[in-house]
Amino acid sequence: MASLALSFSTTTSTTTTTRPSQPKPSHNFCTHATRHHRFNVSCKTTNSSGQNQKDNQNSEISQPKLERRNLLLGIGGLYGATSNFLVSDATPTALATPITSPDLSKCATGTNLNTQQPLDVNCCPPTSTQIIDYKLPPVNKMRFRPAAHLAGKEYFAKFEKAIALMKALPPDDPRNFMQQANVHCAYCNLTYQQTGDPKLKLQIHNCWHFYPWHRWYLYFYERILGKLIDDPTFGLPFWNWDNPDGMVMPQEFVRKESPLFNGRRNQQHLPPAVTDLAYSAQSPTNPKKIIPNNLTIMYSEMVRNGSKLEDFYGAKYVTGTKPDPGPGSVERGSHTAMHGWVGEATPSGEDMGNFYSTGRDPLFYSHHANVDRLWTIWRGLRESKPKDFPDSDWLNADFLFYDENAQLVRVKVVDTLDNEKMGYIYQDVDLPWLKNRPIARVKKSKVAASSGAQPAETVFPVKLDKVVKVLVNRPKKSRSKKDKEKEEELLVIEGIEVDTATFVKFDVFVNDEDDKPDEFDKAEYAGCYSQVPHKNSMTVKTTIRLGLTELMEDLDAEDDEKILVSLVPKAGGEVITIGGIKIIYAS
Ligand code: C2O
């Protein structure tokens with residue numbers, strides 16, 4: 001990654017954009033250049049999705065929809081499983097269609113799926129019989145999302161006022177603060193049914209809907225806040241935890257009198273504690289290493305593990321897929337770490353550390369604004385590589401939200417592909433992790449051959465209650481530059497069996513001879529699996545894929561026939577089972 005020409009193609013199809021006028025650091029993506037990257041932007045109309053926006057009036061009122069799956073059963077069309085990422089356990093057997101918005105009237109807090117005990121959480125939203133198919137409104141003035149640590153007093157006074165007003169709305173107003181928090185709970189706590197199958201629950205995490213769904217969630221949250229303070233340019237602040245300047249909890253959220261304050265946070269992690277992107281409650285990180293670790297972790301998630309679409313976004317999830325087919329690199333890594341780091345130091349980790357309660361902490365929305373910003377940045381780094389799944393199963397998936405007028409609206413993934421088209425931009429700040437390609441701790445070939453570890457085939461399935469080291473065969477070695485450009489070498493860890501109510505984490509290292517490797521700022525670190533728990537426990541089987549192409553170069557091990565893989569449990573190892581490991585090549 002030497003020089004970077006970022007190409008942000010914009011899809012503003014309707015209007016001229018007016019930037020907000022208040023003084024602020026440069027944020028014009030159209031002409032901006034920084035020391036580390038250049039944005040090469042056309043502000044002309046291109047429609048990346050190939051979809052036509054007919055008009056901008058939210059005028060079509062529809063009745064609660066027919067179940068699309070039932071309709072399709074009559075039409076036919078077979079589902080073709082082409083992706084390696086779909087483990088058989090998660091693969092729907094017959095038809096696949098995009099997941100559809102849930103039937104709110106069937107929302108059930110219900111029972112814990114594992115224990116059959118009633119759950120003490122109710123996060124079902126108010127229902128409404130009128131649903132509007134949402135059209136992105138014309139962008140007259142761009143909303144500006146500032147970095148929290150740079151936003152300043154005046155900005156925060158506005159934000160605090162907006163949150164206070166949101167908290168003061170009647171409790172049954174779907175825009176009320178708790179109702180908004182419950183939106184997240186309902187979509188993550190296995191509260192909704194998937195269309196057409198009462199037994200299969202809807203989960204928008206740990207799959208390819210992670211980015212689009214949260215983009216919509218923040219979109220409406222921001223518009224509600226803006227409306228409450230009568231400021232159509234209001235944008236949420238992002239917590240810039242990928243930059244050392246932002247690696248501390250933003251001060252404004254910590255002041256007791258502030259509406260942004262929340263008492264349910266880990267008291268050890270208030271400022272000046274440095275945010276730890278490798279965080280897991282049970283295995284503390286060496287404090288001196290936290291910042292270099294954080295930068296390498298970001299590089300690993302955004303570059304090394306972000307080469308193939310599904311590795312960045314997460315695995316395919318369609319009607320019939322069981323929850324949690326596979327999280328993307330940022331979701332399972334820094335994103336999950338920050339949830340756990342902020343939440344209380346208890347096993348359930350409220351508020352931020354548990355999906356059912358996370359929306360109750362105002363800091364959640366700044367955390368996720370940063371995740372959303374990373375999505376935009378990743379797209380910019382792709383240059384000419386594809387940025388979106390072409391599958392209609394992804395583009396046409398839809399969700400329900402209440403908008404700023406308390407109107408229930410149906411939204412689609414296809415409308416989330418360009419944040420400018422949605423009417424907001426991010427403050428442009430340095431990306432120090434981008435220069436942070438790690439070097440190897442030890443450069444040495446044939447590490448695996450002399451390690452004495454067992455071959456993977458003889459070890460799995462295995463419980464991760466201790467460090468597990470195995471030899472994994474590389475079907476191809478000494479690949480040419482061209483081969484490497486064509487196909488990414490990937491380490492696939494499959495059949496990861498976990499309970500969704502437990503915080504778990506394990507790290508993965510390649511060719512590291514340490515008994516218990518823990519250096520994240522070195523090339524041997526390949527990535528991690530980690531999961532934010534939620535309240536409804538269910539055993540899931542999931543898969544992750546880790547990019548090896550660059551890592552093998554950095555370790556000087558490109559000619560080796562085998563690699564040594566270390567799986568290092570960091571939290572909840574006794575409840576993690578791993579089904580198998582293999583290397584594949586994905587074009
Ligand atoms: Cu929906 Cu970070 O969680």
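Each value in this text was obtained by applying a stated rule to the coordinates, not by laboratory testing. Owing to the predicted nature of the structure, the values given are computational and were not obtained by experimental measurement. For neighbour counting, all protein chains shown are included, and Cβ atoms are generated from backbone atoms with ideal geometry for every residue, glycine included.
How high is the relative contact order of the stretch 447-586, in percent, counting Cα pairs under 8 Å that sit 6 or more residues apart? Don't skip to the answer; put the middle values down first.
Values: 315 pairs, mean separation 65.7, N = 140.
Relative contact order for the stretch 447-586 comes out at 47 percent.
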### Query
Sorted by packing (mean other beta-carbon atoms within 10 Å per residue), highest first, where do 231-241, 115-125, 287-297 land?
231-241, 287-297, 115-125
### Query
Based on the Cβ-Cβ distance from Lys153 to Lys482, what FRET efficiency comes out when R0 is 56 Å, to the nearest 0.05?
0.55
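Could the peptides 530-540, 258-268, 135-145 be put in order, highest first, of the mean number of other beta-carbon atoms found within 10 Å of their residues? List each step's numbers first, then the result.
Details: 530-540: 22.5, 258-268: 16.5, 135-145: 18.5.
Per-residue mean Cβ counts within 10 Å order the peptides as 530-540, 135-145, 258-268.
Can you tell me the convex hull volume per residue for the stretch 294-357, based on C-alpha atoms, in Å³ to the nearest whole number?
On the way: hull volume 5.5 nm³, N = 64.
Taking only Cα atoms, the stretch 294-357 has a hull volume of 86 Å³ per residue.
Calculate, in nm to one decimal, what Asp556 and Phe389 gain on full extension: separation in residues at 0.36 nm each, minus their alpha carbon distance. If you can, show how the numbers build up before the last one.
Working: separation 167, 0.36 × 167 = 60.12 nm, distance 3.30 nm.
In short, 56.8 nm is gained.
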#### Entry: Simple spin-label estimate for Asp172 and Asp230 in nanometres, 7 Å along Cα-Cβ
2.9
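Could you compute the FRET efficiency for Lys516 and Asp245, with r as their C-beta to C-beta distance and R0 at 30 Å, rounded to 0.05? Intermediate results must be reported in sequence, preceding the final value.
Values: r = 32 Å, r/R0 = 1.07.
For Lys516 and Asp245, the calculated efficiency is 0.40.
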### Query
With labels modelled as points extended 7 Å from the Cα through the Cβ direction, what inter-label distance (nm, one decimal) is found for Gln117 paired with Ser105?
3.3
### Task
Return the sequence-ordered ³J(HN,Hα) values of the stretch 275-287 in whole Hz as given by the Karplus equation 6.51 cos²θ - 1.76 cosθ + 1.60 applied to θ = phi - 60°, using x for Gly and Pro.
4, 10, 6, 9, 4, 8, 3, 7, 10, x, 8, 4, x
### Candidate aspartates and glutamates - alpha carbon under 15 Å from Lys387, same-chain residues fewer than 8 apart omitted
Glu310, Asp311, Asp372, Asp415, Asp418
#### Entry: Residues with amide H under 5 Å from that of Lys570, placed H, sequence gap 5 or more
Lys505, Phe506, Asp507
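Report the extension gain between Ser587 and Lys446 in nm, rounded to one decimal, defined as 0.36 nm multiplied by the number of residues separating them, less their alpha carbon distance. Let's see the in-between values first.
On the way: separation 141, 0.36 × 141 = 50.76 nm, distance 2.67 nm.
Taking Ser587 through Lys446 to full extension adds about 48.1 nm, to one decimal.
Report the calculated FRET efficiency for Thr502 and Glu457 (r = Cβ-Cβ distance, R0 = 25 Å), to the nearest 0.05.
Here the calculated transfer efficiency is 0.30.
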### Message
Cross-link candidates for Lys444: which aspartates and glutamates have Cα within less than 13 Å, leaving aside residues fewer than 8 places away along the same chain?
### Response
Asp512, Glu513, Glu524, Glu553, Asp554, Asp556, Glu558, Asp559, Asp560
### Task
Name the residues whose placed amide hydrogens come within less than 5 Å of the amide hydrogen of Asn240, ignoring near sequence neighbours (fewer than 5 apart) on the same chain.
Ala148, His149
### Task
Diagonalise the Cα gyration tensor of the stretch 230-355 and give the resulting equivalent ellipsoid semi-axes, square root of 5 times each eigenvalue, largest first, whole Å.
26, 20, 17
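If you take the alpha carbon radius of gyration of the stretch 131-248 and divide it by 2.2 N^0.38 Å, what ratio comes out, to two decimals?
Numbers: Rg = 16.5 Å, N = 118, 2.2 N^0.38 = 13.5 Å.
Ratio of Rg to 2.2 N^0.38 Å for the stretch 131-248: 1.23.
Could you work out the equivalent-ellipsoid semi-axes for the stretch 385-485, taking the square root of 5 times each eigenvalue of the Cα gyration tensor, largest first, in whole Å? Show your work: numbers first, answer last.
Details: eigenvalues 390, 101, 61 Å².
After diagonalising the Cα gyration tensor, the semi-axes are 44, 22, 17 Å.
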### Distance between the stretch 102-128 and the stretch 206-268 - C-alpha centres, whole angstrom
26
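With the cut-off at 1.5 for a/c, could you classify the stretch 323-434 from its C-alpha gyration tensor as rounded, prolate or oblate? Don't skip to the answer; put the middle values down first.
Values: a/c = 1.56, a/b = 1.20, b/c = 1.30.
Oblate shape, in that a/c is at least 1.5 and b/c is the bigger or equal ratio.
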### Message
Quick check: Cα centre of the stretch 329-393 to Cα centre of the stretch 424-468, how many Å?
### Response
21
### Query
Any idea what Rg and Dmax come out to for the stretch 447-586 if you just take the C-alpha atoms, in Å?
15.1, 48
### Message
Need the list of lysines near Lys505 for cross-linking: C-alpha distance under 16 angstrom, and skip anything on the same chain fewer than eight residues off.
### Response
Lys463, Lys466, Lys516, Lys541, Lys570
